[in-house]
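All remarks here apply to the structure that follows.
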Amino acid sequence: MSNLIILPIIFPFIIGAVLVFFAKKSRAQRIISGVSVLAMVGLTAYLAIMAYQQDTVILEAGDWAAPYGITLVLDNLAALMLLITSILGAACLFFAFGTISEKRERYYFYPFYFFLLVGVNGSFLTGDIFNLFVFFEVMLLSSYVLIVNGGTKYQLRESFKYVILNIFGSALFVMAVAWIYSITGTLNFAHLSERVAQLEQPGILTVVGVMFFIVFAAKGALFPLYFWLPRSYFGPPAALAALFGGLLTKVGIYAIIRVFTLIFYHEPLFTHKGLIVTVAGFTMLFGVLGAVSQYDFKRILSYHIISQVGYMVMGLGIFTPLAVAGAIYYIVHHMFVKTALFLLAGATEKITGTTNIKEMGGLIKSHPVLTWSFFIAAISLAGIPPLSGFFSKFPIILGGFQEGQWVISAVALLVGLLTLLSMMKIFGYVFWGENKLTDRQYSTSVTNLLIPIAPLVAFSVILGLAAEPIFTYSLHIAEQILEPSNYVDAVLKE
Amino acid sequence: MIKEPNDMMFRVFIRLIAVIVVTFSIYLFFSGHNAPGGGFIGGLMSAIAILVIYLVFGIDRIKAALPFNYTYMMSIGLLLAIATGIISWIAGYPYLKQFFDYFQLPFFGEVELTTALIFDLGVYLLVVGAAMTFILTIVEDDS
């Protein structure tokens with residue numbers, strides 16, 4: 001038991017509530033929130049070390065023993081996700097300082113930013129499926145506010161669709177929760193795992209599992225439920241688009257990984273190697289095709305989120321320690337690189353005032369640092385060797401070949417190629433080509449915006465160069481989550 | 001403004017009803033966490049009392065009688081609820097552990113006082129604050 005593991009939930013909660021008092025004071029909000037996100041990074045780094053040393057740390061809130069009370073569980077996977085979340089949260093917040101308009105700041109941008117982090121952190125830490133729903137809702141409600149914050153016509157239209165889809169997804173989620181409760185009589189993850197194992201996962205439980213998959217697939221933007229993503233991520237300012245793109249879909253993916261390694265792992269031939277792999281293949285392919293056909297900076301990146309989410313679930317679907325480790329590595333890589341790319345798109349937009357790549361050109365002369373940061377992040381995304389993208393795709397595809405999943409592995413390779421193509425398209429239009437900038441745009445400085453991006457790009461390089469220890473760590477996590485008894489024993493103390 | 005409406009019955013009875021509703025909401029609030037009730041339902045009930053007063057007397061009277069910043073009220077409620085959990089942390093127990101004891105109070109006799117009551121008070125403030133913010137926002141939109 002350690003009370004520390006509730007801090008990632010209550011700390012941003014307190015800060016969010018305190019920031020409400022300073023809603024009209026821009027400067028005070030910036031100081032408080034800036035210091036707080038940095039403290040979050042320190043805290044989650046400490047928790048990650050703690051989880052690594054003790055494997056699984058639990059907290060029974062209110063001293064009610066599991067499976068009756070609310071349990072929070074910090075295992076290595078959760079700790080890793082928390083750490084990345086707070087790093088991305090810090091980077092996007094500091095980027096927001098330089099780009100967000102005063103009007104948005106006054107309408108509770110910062111409080112809801114922190115409430116969003118509460119929801120995300122809670123989803124990673126929770127030890128029962130109902131509180132997963134609750135924290136999903138905390139996250140989604142904050143994201144509704146943030147996505148519509150600013151109130152432009154486009155935002156209002158698209159966020160309406162976003163809200164409707166998510167409310168529908170949440171309704172399905174509650175139904176699935178009720179269903180699994182009526183079958184097993186429990187909601188605690190560990191207890192569920194034990195009982196589903198005792199029942200040997202009959203057909204009805206597989207159906208419930210698929211229902212959970214649909215719910216999380218809608219949040220994680222998997223085929224065919226991804227259509228909302230490119231549109232709704234296009235509207236809000238770059239700092240938010242980056243945070244959403246890097247973070248929110250990954251919460252859905254985390255939930256899929258958690259549920260399908262801990263609870264519904266008894267029928268891998270149908271759920272993992274059948275359903276999940278098929279969906280992963282279509283998600284990758286359609287996502288990247290969307291990206292290739294677009295000529296808008298943010299939309300291309302949004303479609304890439306979809307295609308890359310496919311890799312992660314593909315790793316889970318292949319369901320060997322190697323492939324799952326690859327999927328975890330890929331999540332880490334993707335969260336850093338994707339957020340960096342979105343922020344770079346925001347910086348480019350600040351210079352050129354547009355996101356249409358056909359209207360840009362020649363930034364390599366005027367803004368070389370921006371250009372090369374983008375270049376590193378882009379080829380990392382495409383999977384060029386010394387960078388993190390390669391080392392995270394490699395184990396997934398290798399795992400696919402080892403398991404004889406030829407089709408999906410071939411699709412994954414093809415998608416990598418198309419990713420490179422669309423990244424080069426951006427590079428060719430935006431950074432090469434003749435100079436289309438006016439003199440004022442030419443001399444616009446974005447150095448203050450590049451400072452929060454630099455650590456993310458650096459992480460991408462480090463993740464690639466230090467692939468060996470990081471992959472060992474991913475493998476350690478994968479082995480831990482593929483052995484559900486670790487989790488069950490820690491929570492139920494058997 | 002339209003002519004003064006002829007709603008004498010309404011005006012007289014609402015004074016009575018509002019008192020009953022507020023009393024009941026306080027009862028619900030205190031009966032909470034072991035019996036049906038608690039901060040959420042108590043808060044909603046109080047908000048309803050304020051709402052019926054608004055229906056009869058208009059928004060200006062409410063603003064004059066209850067001149068609070070309801071946004072801040074929400075935030076104070078959240079902080080109170082969180083603080084309850086931190087009390088048990090400082091005492092060295094898991095987060096949100098409840099403490100209770102029985103006290104002899106004048107007039108009320110023996111009562112059970114718990115730290116969960118502070119949590120409930122936080123929820124109460126949050127719900128009243130949120131409900132009032134909704135109402136005020138919609139009303140101000142109208143005028």
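Numbers below:
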| quantity | calculated |
| --- | --- |
| Distribution of pairwise C-alpha distances over the protein assembly as shown, 20 Å bins, in % | 18, 50, 26, 6, 0 |
| Dipole magnitude of chain A, debye to nearest 20 (Cβ charges: Lys/Arg +1, Asp/Glu -1, about Cα centre) | 2020 debye |
| Most positive-pole-ward Cα, A:Ala467, A:Thr271, A:Val488, against dipole of chain A from beta carbon charges | A:Ala467 |
| Dimensionless Rg ratio for the range B:8-142, taking C-alpha atoms and the 2.2 N^0.38 Å reference | 1.21 |
| Inter-centroid distance (Cα atoms) of the range A:97-130 relative to the range A:162-220, Å | 26 Å |
| Cross-link reach list, lysines versus A:Lys365, counting only Cα pairs under 20 Å and skipping chain neighbours closer than eight places | A:Lys350, A:Lys425, A:Lys436 |
| Residue (of A:Leu7, A:Trp64, A:Val163) at the positive-pole extreme of chain A, dipole from beta-carbon charges | A:Val163 |
| Charge-dipole axis of the range B:1-142 as Lys and Arg at +1 and Asp and Glu at -1 on Cβ define it, positive-most pick from B:Asn6, B:Ser75, B:Val111 | B:Asn6 |
| The range A:233-357, dipole about Cα centre (Lys/Arg Cβ +1, Asp/Glu Cβ -1), debye to the nearest 20 | 100 debye |
| Cut-off 10 Å between beta-carbons: net charge of the residues surrounding A:Thr352, Lys and Arg +1, Asp and Glu -1 | 0 |
| Calculated [θ] (222 nm, deg cm²/dmol) that DSSP helices of n ≥ 4 give over the protein assembly as shown, each run adding -39,500 (n - 2.57) | -24500 deg cm²/dmol |
| Residue mean of other protein chain beta carbons inside 10 Å, B:85-98 | 5 |
| Sites B:Ala83 and A:Val369, calculated FRET efficiency, Cβ-Cβ separation with R0 45 Å, nearest 0.05 | 0.45 |
| For the range A:26-41, Karplus couplings with θ = phi - 60° (6.51, -1.76, 1.60), whole Hz, Gly/Pro x | 4, 5, 4, 4, 5, 5, 4, 5, x, 4, 5, 5, 5, 4, 4, 4 |
| Angle between chain A longest axis and helix A:153-184 axis [Cα atoms, degrees, rounded to 10] | 10 degrees |
| Residues of type aspartates and glutamates that B:Lys97 reaches as a straight line, Cα spacing below 20 Å, ignoring anything fewer than 8 places off in the same chain | A:Glu60, A:Asp63, A:Asp128, B:Glu112, B:Asp120 |
| Those chymotrypsin sites (Phe, Trp or Tyr not before Pro) in the range A:43-132 that DSSP places in a loop and that have at most 13 other beta carbons within 10 Å | A:Tyr68 |
| In degrees, nearest ten, helix B:116-142 long axis to first principal axis of chain B (Cα) | 20 degrees |
| Magnitude of the charge dipole, the range B:8-142, Cβ model with Lys/Arg +1 and Asp/Glu -1, debye to 20 | 200 debye |
| Relative contact order for the range A:3-492, counting Cα pairs under 8 Å that sit 6 or more residues apart, in percent | 16 percent |
| Sum of side-chain charges, A:Gly433 neighbourhood, beta-carbon under 14 Å (Lys, Arg +1; Asp, Glu -1) | +2 |
| Ranked list, fewest to most other Cβ atoms within 10 Å of each Cβ, for B:Phe134, A:Phe459, A:Phe264 | B:Phe134, A:Phe459, A:Phe264 |
| DSSP loop trypsin sites (Lys or Arg not before Pro) with at most 11 other Cβ within 10 Å excluded, longest remaining stretch of chain A | A:25-492 |
| Listed residue pairs exceeding 26 Å between alpha carbons, taken from A:Lys273/A:Lys493; A:Lys273/A:Lys393; A:Lys103/A:Lys219; A:Lys250/A:Lys273 | A:Lys273/A:Lys493; A:Lys103/A:Lys219 |
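Here, each number is a calculation from the coordinates, and none is a lab measurement. This is a predicted model, so every value here is computed, not measured. Every residue, glycine as well, gets a Cβ built from its backbone with ideal geometry; the counts of neighbours run over all protein chains shown.
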